[in-house]
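The values are calculated or read from the model by the stated rules, or taken from the named source; none is laboratory data. Since the structure is predicted, the reported quantities are computational estimates derived from the model, not experimental observations. Ideal geometry is used to build each Cβ from the backbone, glycine not excepted, and the neighbour counts take in all protein chains shown.
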Amino acid sequence: MINYKQFHYFWAVARAGSMVRASKQLNLTPQTLSGQIGILEASLGVALFRRVGRGIELTEAGQLALTYAEDIFQASNALEETLRAGTNERRRLFKVGISDAVPKSIAYQLLAPAMSLKEPIKIVCREGKLEPLLGELAIHRLDLVLADRPMPSEIDIKGRSNQLSECGISFFATKNLALNYGHNFPQNIGNAPMLVPGEDSAVRKRLMQWLNTQRIQPHIIGEFDDSALMRAFGQAGVGIFTAPTIIADEVQRQHDVVKIGQTDDVVERFYAISVERRANHPAAMAILNHISDE
């Protein structure tokens, strides 16, 4: 079994990047610290640090150990803060990964049932690309991942994907662009300057197939993995852009653009991805139960 005091010493050194700096923070001598980490390495049967010149760096095993150490001691600190707080201030942590392709307002709508639980929670949202988020989910650094696609079959993670929502897409343009391209949808977007989701977005392929079926060839001048960034460029008048129809009113209001068309033939879907040990989190269950009740 790991000696957690020694593991804490390892964590401190890894974060400080130096035995000397960590020893000052812990009020220990560098020799004591080095000796304790040496005992930890002997018990684990692996080297966690290696010498580089006059300094040290993490080995591959050390980098792996650090990911677990971050979880363990951050959770420990959170637990201490929670227990020291008054009863009314105690909140259960709910860690959610949100894929770049999921619009922020839709993410909020999908997570809203978790925020109305009788048991108060503290939500922590991490945004990024899907595969790294799934890696975080696999080692239980996240409780749930919101994505625009189910878990890819080639990823070796035992989990489940629950579809939460689906809708068609709408096309938006600034008022100036709409003067030239705002009529006779969908032919009006042929040869128009257009911003499209990046290759990492599930809707990208469906959109391009639909455009091809309609024999439309827009002038694509930008691709964006981040849906919010694409809308920012669209608001600046760079090109026509798309967004889920479910948030069409919000997009028009927030970005001062107009909707020039919509289609239900291109569908955006949103999923909650979880692994078995985290699926019973009260907040995750509230999100899934809310969808099943609709």
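Things worth noting here:
- Residue in the range 167-174 that is among the aromatic types (F, W, Y), under 20 Å from P244 (Cα atoms) and assigned to a strand (DSSP E or B) present: yes
- Filtered by the rule that a residue be under 18 Å from D71 (Cβ atoms) and in a helix (DSSP H, G or I), the range 1-34 gives Y4, K5, Q6, F7, H8, Y9, F10, W11, A12, V13, A14, R15.
- If the condition is being in contact with a Pro (Cβ under 9 Å, 6 or more places away or on another chain) and assigned to a helix (DSSP H, G or I), then the range 175-193 contributes L177, Y181, I189.
- Residue in the range 175-182 that is farther than 13 Å from V102 by Cα and touching a Leu at 6+ places or on another chain (Cβ under 6 Å) present: no
- Considering each residue of the range 173-182 in turn, none proves to be modelled with pLDDT of 85 or more and under 17 Å from the mean Cα position of the chain (by Cα).
- Residue check for R231: charged (D, E, K, R) and either assigned to a strand (DSSP E or B) or at negative phi (or both): yes
- Scope the range 249-279; condition in a loop (DSSP other than H, G, I, E, B) and either touching a Ser or Thr at 6+ places or on another chain (Cβ under 9 Å) or on the phi > 0 side of the Ramachandran plot (or both); matching residues: D256, V257
- Filter result for E127 (touching a residue at least 24 places away in the same chain (Cβ under 8 Å) and over 24 Å from Q109 (Cβ atoms)): no
- Scan of the range 112-149 for residues that are part of a helix (DSSP H, G or I) and surrounded by fewer than 21 Cβ atoms within 10 Å (Cβ to Cβ), ordered by number: A112, P113, M115, E131, P132, G135, E136, A138
- V196 being part of a strand (DSSP E or B) and either modelled with pLDDT of 95 or more or crowded, with 16+ Cβ neighbours inside 10 Å (or both): yes
- Residue count for the range 127-156 under the criterion of being in contact with a Leu (Cβ under 7 Å, 6 or more places away or on another chain) and closer than 15 Å to F94 by Cα: the result is 5.
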